[in-house]
Amino acid sequence: MLTFREEEVLKELSEWERELLSYEKNDMVSLYEKYVKKSMSYIEESKWQDIYAVIDNSLFHAYTMLLSSSLHENANERMLSTARIFNENITEITDMKSLTIDQLHFIGQQQMAKHRLYACFQGSITGTGGVAAAASDFLGLMAINIRFCQQISSLFGSPGNTPTEIMTALKVLHGACLPKRLQGKAWAELMEELGRPNNYFYEGSENVASSEVAEVMLQQTMKMFFIFLFGKKTYKKMPFVSMFIGAGANYQYTKKITEFIYKFYQRRYLYEKLQS
């Protein structure tokens, strides 16, 4: 049974979900989508499948590596310390479920602000125009958002170290990275998976990357194009315009991702409470 505040939050989530699922693309978006599909057609489908497989493997290994690192354990301990301000009896991640929805939201907002700031800083470094910074930009950006996904999973009481939790997180991350017009379909698929038994081993499809990933890659390429285009415009030897472009683009991209991820885990938390 949900409390009054939990019912209010569920209504807000339902309204957000309704807007996401009813998103209508305009003529400009349709033209852009046509251009993306045409660009993809220049590469054989078999090559794209190879690319998707590489992305899936890379995401899985990156996620598990960060999950097993001391960085993750330290971050969880800091979050538990914050949670003890509200409830001194909290000792492990599963105890986070004893917090109220507003207490969880307070901690979640802190996590979102922190990771968006990380992304902004990462983008400003990329904007300096260095080859090494540019090459590591997308990897750094994905690492930041993977870390956020892990932290929010822990926030709502799921350690996230089972095969099912890992695959769920990767699918949530994939949906969060997509353009808004494609997020509705990804969200609907995630909602369908909520009804599946929460077994230790994942029983659904383990394919994460899809044709929409090409659009994400194109967006990142366009960002780098503008960074290099304005990289020569400096003030006191600092390319402030390109730094602003990198910081702004990474911030907006991470803002979209963190919102989607947070709302999924919040929705799952309320779903599980309703089921119990």
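The values are calculated or read from the model by the stated rules, or taken from the named source; none is laboratory data. Predicted, not measured: the structure shown is a model, and the values here were computed from it. Positions of Cβ are backbone-derived with ideal geometry, glycine not excepted, and every protein chain shown enters the neighbour counts.
Identify all residues within segment 215-246 that are over 17 Å from the mean Cα position of the chain (by Cα) and within 27 Å of Leu170 (Cβ to Cβ); write none if there are none. Matches in segment 215-246: Leu218, Thr221, Met222, Lys223, Met224, Gly246.
Table: residues versus (1) modelled with pLDDT of 85 or more; (2) surrounded by fewer than 16 Cβ atoms within 10 Å (Cβ to Cβ); (3) β-branched (Val, Ile, Thr); (4) farther than 28 Å from Glu7 by Cβ.
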| site | (1), (2), (3), (4) |
| --- | --- |
| Ile93 | yes, no, yes, no |
| Gln110 | yes, yes, no, no |
| Ala132 | no, yes, no, yes |
| Ala135 | no, yes, no, yes |
| Met142 | yes, no, no, yes |
| Gln151 | yes, no, no, no |
| Val172 | yes, no, yes, no |
| Gln183 | yes, no, no, no |
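Which residue is farthest from Lys180 (Cα to Cα), if the candidates are limited to segment 15-44 and must be small (Gly, Ala, Ser) and exposed (fewer than 12 other Cβ atoms within 10 Å of the Cβ)? Taking the candidates together, the pick is Ser41. For segment 185-212, filtered to residues that are crowded, with 17+ Cβ neighbours inside 10 Å and touching a Phe, Trp or Tyr at 6+ places or on another chain (Cβ under 7 Å), the residue that is modelled with the highest pLDDT is Leu190. On inspection, Phe264 does not qualify as without any contact (Cβ under 8 Å) to a residue 40 or more places away in the chain and surrounded by 15 or more Cβ atoms within 10 Å (Cβ to Cβ).
Mind checking which residues of segment 149-166 are under 15 Å from Tyr271 (Cβ atoms) and either part of a loop (DSSP other than H, G, I, E, B) or touching a Leu at 6+ places or on another chain (Cβ under 7 Å) (or both)? Phe156, Gly157, Ser158 - these are the residues of segment 149-166 that are under 15 Å from Tyr271 (Cβ atoms) and either part of a loop (DSSP other than H, G, I, E, B) or touching a Leu at 6+ places or on another chain (Cβ under 7 Å) (or both).
Just a yes or no: is a residue in segment 196-211 small (Gly, Ala, Ser) and over 20 Å from Ala53 (Cβ atoms)? No, there is no match, as no residue in segment 196-211 is small (Gly, Ala, Ser) and over 20 Å from Ala53 (Cβ atoms).
Can you tell me which residue among Leu13, Leu104, Leu99 is at pLDDT 90 or above and under 27 Å from Glu212 (Cα atoms)? From the options Leu13, Leu104, Leu99, the qualifying one is Leu13. When segment 230-243 is filtered for residues that are part of a helix (DSSP H, G or I) and out of contact with any helix residue (DSSP H, G or I) (no Cβ under 8 Å at 6 or more places or on another chain), only Phe240 remains.
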